[in-house]
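The values are calculated or read from the model by the stated rules, or taken from the named source; none is laboratory data. None of these values were measured; they are calculated from a predicted model. Note: ideal-geometry Cβ built from the backbone for every residue, glycine included; neighbour counts use all protein chains shown. Heavy atoms of the whole protein, side chains included, go into the accessibility calculation; ligands, DNA and RNA do not. Shrake-Rupley method; radii C 1.70, N 1.55, O 1.52, S 1.80 Å.
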Amino acid sequence: MKISSAYIHIPFCQQICHYCDFVKFFYDEKAADQYLEALEIEMDGYVPDAKQVMKTIYVGGGTPTVLTAVQLEKLLKMIDGHFDIDKCEEYTFEANPGDLDQEKADLLAKYGVNRISLGVQTFDNTLLEELGRVHKEEDVYLNIERLRKAGIDNISIDLMYGLPNQSVELFEESVDKALELNLPHYSSYSLQIEPKTVFHQRYKKGELSKPPEEDEVEMYHLLQRKLREEGIYHYEISNFSRPGYESEHNLTYWDNACYYGIGAGAHGYLPGKRTINIRPLPAYLKKVFEDGKPVLHEEPVGLKEMMEEEMFLGLRKMEGVSRARFEEKYDRDPDEVFGGAVDTLIGRGLLEEDSGYIKLTEQGKLFGNDVFASFLID
């Protein structure tokens, strides 16, 4: 399997959000300098000589744009030194409103970044403060203006729903303000209260509660309807885009294709195995400087696992799983592999089949995890 995508993790943040369980650390200039040195060593291990042609590169976090302009340029030069940016179809950086001044926006454009994923979450300043975010609503507009001035128009924003103290009406206000920006891509996620987060600690103490489940369902349906009315189509459970602006990098994941995972805590999918890097920053740095190989765990991926994941990941796409593509990849029909699971789920109203594609129904989108569990092979 050819590797044509790379995920690069920058774990630093100006502030740790109350809901976040990603690999992240408070920004420290010296630690960030050391991390960039380590990152280059790890990259050398994957791409030691000539630049590798990539289809997609995604730099996530943490907050990559929390780096100083000098550090950001060093990172951009490093990526350019290992990968053929000129032939890269999609080159994405995550950014938080408030971290992106004009100098950084211009730097990103100068080094070939052509897509930005902006962590907005909500346009309500009170909710932003409750989430532990450092930006305000006005920062969103300012950052988008700077990106457009730099020549980057392919901008996606994230919105969250099911937040503490968030009503359906408040979520609708955020959706309306997001649509006024006339962007090509939107992602939206329901809040999950994850272990080892501030929200989880508050939840255990009874100090935090989410909206009723029926409100969350209404928010999701409202989101679908509003975006559809604006010509923005729903192409994956949590993602919406104008035609031609789907996230090519994320489609790498959902199409069950290989990619490098570079950086502290990064996950990768190499031919025949999935990898997970060491998470704690000091341990990651120590291992990289010792031997350049910070992998904590490798999990073999055999035919059974590949077929399971083809269904788990592919069903996240609204077009679903192509029977023809499945048979071409694995020389077996899905019904042969998974018994009567497809028919059973169709009978329960959670799956449907259309023009050779097996896909989630509207009801199935609300119970995706139950559907996915049906495709575990004994």
| request: Can you tell me the relative contact order of the chain? Whole percent, Cα pairs under 8 Å, sequence separation 6 or more. | output: 16 percent
| said: Taking just the alpha-carbon atoms of the range 230-378, what radius of gyration and Dmax come out, in angstrom? | reply: 17.8, 55
| remark: quick shape note, the range 37-114: Cα extents on principal axes in Å, largest first -> 36, 26, 18
| note | Carbon and sulfur atoms account, in whole percent of the 1.4 Å probe accessible area of the range 88-199, for 43 percent
| remark: Connecting every pair of Cα atoms under 10 Å apart in the chain and solving the GNM, the largest mean-square fluctuation among E214, E236, E145 falls on E214
| HN-Hα J couplings of the range 314-319 from phi, Karplus 6.51/-1.76/1.60, θ = phi - 60°, integer Hz, Gly and Pro as x? | x, 6, 5, 6, 5, 6
| Among 351-361, 112-122, the order from most to least packed when residues are scored by Cβ within 10 Å on average | 112-122, 351-361
| Taking a probe of 1.4 angstrom, what is the accessible area of L296 in Å², to the nearest 10? | 120 Å²
| query | Measuring from centroid to centroid over Cα atoms, what is the spacing of the range 233-312 and the range 104-154 in Å? | reply | 25 Å
| task | With springs only between Cα atoms under 10 Å apart, run a GNM on the chain and tell me which of F326, F240, F12 wobbles the most. | result | F326
| query | Of H9, H234, which has the most accessible area and how do the rest follow, probe 1.4 Å? | reply | H234, H9
| query | If you line up the Cα atoms of the chain on their principal axes, what length do they span on each, largest first, in Å? | reply | 58, 49, 44
| note | GNM on the chain, Cα springs under 10 Å; top mean-square fluctuation among F83, F338, F312 goes to F338
| said: Suppose we keep just the alpha-carbon trace of the range 142-200; what are its Rg and Dmax in angstrom? | reply: 14.3, 40
| Just how much of K273 is accessible, in Å², when a 1.4 Å probe is used and the result is rounded to the nearest 10? | 60 Å²
| message | Can you tell me how the range 301-343 classifies by the Cα gyration tensor, rounded, prolate or oblate, using a/c under 1.5 as the rounded cut? | response | rounded
| remark: Going through K74/K149; K226/K359; K74/K317; K196/K226 one by one, the pairs whose alpha carbons sit over 24 Å apart turn out to be K74/K317; K196/K226
| query | Given a 1.4 Å probe and every protein chain left where it sits, what share in percent of the accessible area of the range 243-345 is carbon and sulfur? | reply | 54 percent
| query | Can you give the accessible area per residue of the chain, in Å², using a 1.4 Å probe? | reply | 45 Å²
